[in-house]
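Below: the structure, in structure tokens.
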Amino acid sequence: QVQLVESGGGLVQTGGSLRLSCAASGSIFSVNNMGWYRQAPGKQRELVATITRDDLTNYADSVKGRFTISRDNAKNTVALQMNSLKPEDTAVYYCSAIVQASRYNYPGRYWGQGTQVTVAS
């Protein structure tokens, strides 16, 4: 069983910063791509940023230059530093990871429970 646990959400004013963290734990052989997604009320879940084991990153156009994703392979963690936050960044943010539970298993995608980020105007 693999668990992803997020932390760091909250309420912030426009222009402020927040840092989200996510830790993968449980039965883990390897963690491949990790990423952050978000879902605002009434909208579909969308990609925010992803990062490979080799630290190759990909960002949604809406967050480029403001958000930075990073990971620690030794600790199986991923973080999202969010700066210059805007009201439109308000959403539930989900951590996701492609995890291989053992050398005998195919990799699967796992999700965290989500953490609320609210940016007040």
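Heavy-atom surface analysis with a 1.4 Å probe gives the chain a carbon and sulfur content of 47 percent of its accessible area.
How much length would be gained if the chain were fully extended between residue 21 and residue 70, taking 0.36 nm per residue of separation minus their Cα-Cα distance, in nm to one decimal?
Numbers: separation 49, 0.36 × 49 = 17.64 nm, distance 0.96 nm.
Full extension from residue 21 to residue 70 adds 16.7 nm.
Can you tell me the relative contact order of region 23-97? Whole percent, Cα pairs under 8 Å, sequence separation 6 or more. So the answer I get is 37 percent.
Would you calculate the separation in nanometres between label points at residue 61 and residue 44, each defined as 7 Å from the Cα along the Cα-to-beta-carbon direction? Result: 1.6 nm between the two label points. Under 5 Å from the amide H of residue 114 lie the amide H atoms of 6, 95, each residue being 5 or more positions distant or on a separate chain, with H modelled from the backbone and absent for Pro and chain starts.
For a protection proxy built on the mean count of beta-carbon atoms within 10 angstrom, sort 93-102, 32-41, 50-59 highest first, please. Mind dumping the intermediate values first?
Values: 93-102: 20.1, 32-41: 18.5, 50-59: 13.9.
The densest-packed peptide leads the list: 93-102, 32-41, 50-59.
The alpha-carbon of residue 75 sits under 18 angstrom from the alpha-carbons of these aspartates and glutamates, leaving out residues fewer than 8 places away in its chain: 6, 54, 55.
Taking every protein chain into account, the accessible area of the chain amounts to 53 square angstrom per residue (probe 1.4 Å).
The values are calculated or read from the model by the stated rules, or taken from the named source; none is laboratory data. Note that the coordinates shown come from a computational prediction; the quantities given were computed from them, not determined experimentally. Note that each Cβ is placed from the backbone with ideal geometry, even for glycine, and that neighbours are counted across all protein chains shown. When the accessible area is computed, the model is the full protein with side chains, heavy atoms only, and any ligands, DNA or RNA have been set aside. Shrake-Rupley method; radii C 1.70, N 1.55, O 1.52, S 1.80 Å.
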